[in-house]
Amino acid sequence: MDLSFYKSFMSEEIRDEGRAQGRAQGRAQGRAQGRAQGRAQGRAEGILPVLEQRGISVPDKVRERITDCGDPEVLRQWLVRAVTATSAEEICAEK
């Protein structure tokens, strides 16, 4: 079996192009993931001051749940709830 193609210049170019595409896709995915994490962190940081401003104490367990949540949509729902909730636990309660 002739394997000379795999050592050829053309083969090297194809591999290099594939590597470059893979790196570009990885960077794009990394940026998207970074933006999602940033949105989640921003929303988590928005919930706690709302509760504090309303005079609602936030137990460590709830604070940890809020800051550990990485889902921007869930955090958006919790932020909306924080405006009218009567307790911190109510924000994270399953509806």
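The values are calculated or read from the model by the stated rules, or taken from the named source; none is laboratory data. The model shown is predicted, which means the values in this text are computed figures rather than measured ones. Neighbour counts run over all protein chains shown; Cβ positions are idealised from the backbone, glycine included.
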>> Name the single residue that is modelled with the highest pLDDT among those in the range 57-84 being in a loop (DSSP other than H, G, I, E, B) and surrounded by 17 or more Cβ atoms within 10 Å (Cβ to Cβ).
In response: V58
> How about the range 50-88: which of its residues are among the β-branched types (V, I, T) and either in contact with a helix residue (DSSP H, G or I) (Cβ under 6 Å, 6 or more places away or on another chain) or under 30 Å from A32 (Cα atoms) (or both)?
Replying inline: V50, I56, V58, V62, I66, T67, V74, V80, V83
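Can you work out which of the residues in the range 65-95 that are hydroxyl-bearing (S, T, Y) and in contact (Cβ under 8 Å) with a residue 12 or more places away in the chain is nearest to L48 (Cα to Cα)?
Step one: filter the range 65-95 for residues hydroxyl-bearing (S, T, Y), giving 67, 84, 86-87.
If we keep only those that are in contact (Cβ under 8 Å) with a residue 12 or more places away in the chain too, we end up with 67, 86-87.
Details: T67: 9, T86: 14, S87: 12 Å.
Of everything passing the filter in the range 65-95, T67 is nearest to L48 (Cα to Cα).
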> Checking E13 against (1) at pLDDT below 85; (2) under 21 Å from the mean Cα position of the chain (by Cα); (3) of a type outside the set (S, T, N, Q), which single condition isn't satisfied?
Replying inline: (2)
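Does G46 satisfy being surrounded by 11 or more Cβ atoms within 10 Å (Cβ to Cβ), touching a Leu at 6+ places or on another chain (Cβ under 6 Å) and not in a loop (DSSP other than H, G, I, E, B)?
Numbers: surrounded by 11 or more Cβ atoms within 10 Å (Cβ to Cβ): yes; touching a Leu at 6+ places or on another chain (Cβ under 6 Å): yes; not in a loop (DSSP other than H, G, I, E, B): yes.
Considered against the rule, which asks whether it is surrounded by 11 or more Cβ atoms within 10 Å (Cβ to Cβ), touching a Leu at 6+ places or on another chain (Cβ under 6 Å) and not in a loop (DSSP other than H, G, I, E, B), G46 comes out as yes.
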